[in-house]
1. In straight Cα distance, which lysines are under 27 Å from residue 368, not counting same-chain residues fewer than 8 positions off?
2. Measure off, as a whole percent, the carbon and sulfur share of the 1.4 Å-probe accessible area of the range 121-234, all protein chains present.
3. Bin all alpha-carbon pair distances of the chain at 10 Å intervals from 0 and give each bin's fraction as a whole percent.
4. Note the per residue figure in Å³ for the convex hull of the C-alpha positions in the range 275-324.
5. Checking understanding here: applying a Kyte-Doolittle mean of at least -1.0 and a length along the axis of at least 24 Å (C-alpha), which whole DSSP H helices in the chain pass?
6. Hey, can you rank 161-172, 235-246, 142-153 by average C-beta count inside 10 Å, highest first?
7. Report the relative contact order of the chain, percent, no decimals, based on alpha-carbon pairs under 8 angstrom and at least 6 residues apart.
8. Does anything in the range 3-45 have its amide N under 11 Å from the 7 Å Cα→Cβ label point of residue 192, and if so which residues?
Amino acid sequence: MSLPIRARLTLWYVGLLAAIVVVVGAFLLVRLQAGLVAGVDQNLDDRANEVAADLQGGDQVFESLTSSSLRALPRGAFAAQVVSAGGDVLSSTGDPTARQPMIDPRVREVVLRRGPVRFTGRLGPERARFRVLAVRFQQDRATSVLVVARSLVDVDESVRRLRLLLLVAVPVALAGAGGGGWLLARKALLPVARMTRQAEVISADRLQRRIALPRARDELGRLAETLNAMLDRIEREVQDQQRLVADASHELRTPLAVMRSEIDVWLRSPSLPEQAREALESVGEEVERTSRILDNLLTLARIDVGRLGLLCAPRQLDELVAEVLGKLRPIARAKRIALEVDGDAAEVLADGPRLEQVITNLVDNAIKYTSPGGTVRVLLWRGRDEAGMTVSDTGPGISPEALPHLFDRFYRADAARSRSQGGSGLGLAICKEIVTAHGGRLWAASRLGAGSAFSLAMPVAGDPGRVAPAGPAGGP
Ligand code: ADP
């Protein structure tokens, strides 16, 4: 699973913060407990000295204990015992001890032989946690062990409270930090999102666009500069290529024209053997096809370098259509295809020869791809600020997968059929460019087996709200 950068940044941020807080929290808990226990130990030292002094002075050990300043301690919080060297409890105070010795024989041995021992253990019937100090105690030549113990209830309570506070406060703080991190990541990535949007609209036919440089001269600023420098290079290379195609197709037209006229001269010769005639006719067709492709390439190259040079003027669309149909009628008749025209007259703002080229291409395609006996119909229509025509046929139709690519360069929906018809896949791409350059629209609708309909919409002449641009423009 690949999460967006924004989510990943936030997760990393919250994860890192959680790790730091957990380590710091654990350290605090350990330090707090150690500090409090050290305080208890200090307190036990003082108490042991006090009790020892009291015991030295009095004869009743137990009374001395209970009457000493220890009484001020909360009940059950403190316990003291005097244990004989043999392990008997000589006197005792404090609840948890009862009459059981608070230290086991091993501890007693260590105290008698080596000195004071401190430890934390569970004492009394409730097995409460106590901090214990056992020291050697000498009285009247008898050696015993003085044991003082203090409950760790208050220490444990303080630690518990801090733990609880951390358990509640940390998730809340992390949630807050997560929200803040999410917003920060969004803010930090906003320029990236803007650059992505700008880069998305840069395509081969809009190569002159550039990514706006962010105000800050930071990493993103440098990225935008790098991308723009890359676009400069690509634009230069594409322009070089377009110029090459334009020059090459221009240069190749002349020799092809010479070949064509020479073939025509030879074909007119009555002495030409039949086999040579057939070969020449076939070569002539190929030369014709190559010239058409070259013409198309030249037109596209001119469109690409913005040298289409449209001369727009009010033109009668119905008259242009009638002219085109007149030229194509013999081809339709030869294929036994009915050519029909219907609709209203309309005046559009267009470059006459270029618009004628578009209409010819659409009607020619309809005739080309319709089987003998079919019908090609041209319907003229007029809208509020545009007028146009729809060329429909009873041909094979176009598949839904092919439909979106029809206007791409060199695209042929059915390559075999198109090639057999002399097609190169450039006609519709050129039509689209020409129509778009006029500020018009060109689109197709079709269903497999149910014929196709190609529609053209052009700005009407005399529409003040609409001025046809002279150069190529982007898609609708
Ligand atoms: P071509 O020179 O191959 O005809 P076009 O650009 O004019 O190139 O058309 C592109 C493709 O669109 C054609 O190869 C063909 O498959 C499909 N096409 C165009 N017009 C029609 C139509 N009227 N009926 C069916 N298919 C069509």
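1. 327, 335, 432
2. Here carbon and sulfur together make up 59 percent of the probe-accessible area.
3. Each 10 Å bin holds this share of Cα pairs: 4, 13, 14, 12, 8, 6, 5, 5, 5, 6, 8, 7, 5, 2, 0, 0.
4. Measuring per residue, one finds 102 Å³ for the Cα hull of the range 275-324.
5. Correct list, ordered by number: 5-57, 153-200, 219-268, 274-304, 317-334, 352-369.
6. Sorting 161-172, 235-246, 142-153 by mean packing, highest first, produces 142-153, 235-246, 161-172.
7. 10 percent
8. Backbone N within reach: 4-10.
The values are calculated or read from the model by the stated rules, or taken from the named source; none is laboratory data. Nothing here was measured: the structure is a model prediction, and the numbers come from that model. For neighbour counting, all protein chains shown are included, and Cβ atoms are generated from backbone atoms with ideal geometry for every residue, glycine included. Heads up: the accessible areas ignore ligands, DNA and RNA and are worked out on the full protein's heavy atoms, side chains in. Shrake-Rupley method; radii C 1.70, N 1.55, O 1.52, S 1.80 Å.
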